[in-house]
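Participant: Before I ask anything, here is the structure I am working with.
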Amino acid sequence: MSVSSMTRSGDKKAIYIMFQDGEKSAEYSLPECGLVRNKGFSEAELASLKEYVDNERDSIYAMAKGVNPLKALMRDV
């Protein structure tokens, strides 16, 4: 699982949560807890991932606050 920093698009703020398992990947967004994209996860797996994101909302927000996108970018240089 990876978590983005808080992003802004217009007047909306969002955090993106990516799950990967081999070739499978799924991305959710908060605050609406919506599925953004899916590649390979079953409906049952997606339901479990959504439940996890919803239940761990507070810890995901805390993780996102700790993400420094500039530092991550500079690490790859």
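The values are calculated or read from the model by the stated rules, or taken from the named source; none is laboratory data. Every value quoted in this text rests on a predicted model; they were computed, and no experiment measured them. When we count neighbours, we look across all protein chains shown, and the Cβ atoms used for this are built from the backbone with ideal geometry, even at glycine.
Participant: For region 8-40, give me each residue that is of a type in the set (Ser, Thr, Tyr) and without any contact (Cβ under 8 Å) to a residue 24 or more places away in the chain. If you could, list the steps in order and put the result at the bottom.
Facilitator: If we filter region 8-40 for residues that are of a type in the set (Ser, Thr, Tyr), which is where we start, we get 9, 16, 25, 28-29.
Residues satisfying the conditions are Ser9, Tyr16, Ser25, Ser29.
Participant: Something else now. Could you check, for region 20-38, whether at least one of its residues is modelled with pLDDT under 95 and in contact with a Ser or Thr (Cβ under 6 Å, 6 or more places away or on another chain)?
Facilitator: no
Participant: Identify all residues within region 14-56 that are surrounded by 15 or more Cβ atoms within 10 Å (Cβ to Cβ), in a helix (DSSP H, G or I) and not hydroxyl-bearing (Ser, Thr, Tyr); write none if there are none.
Facilitator: Across region 14-56, the qualifying residues are Glu45, Leu46, Leu49, Lys50, Val53.
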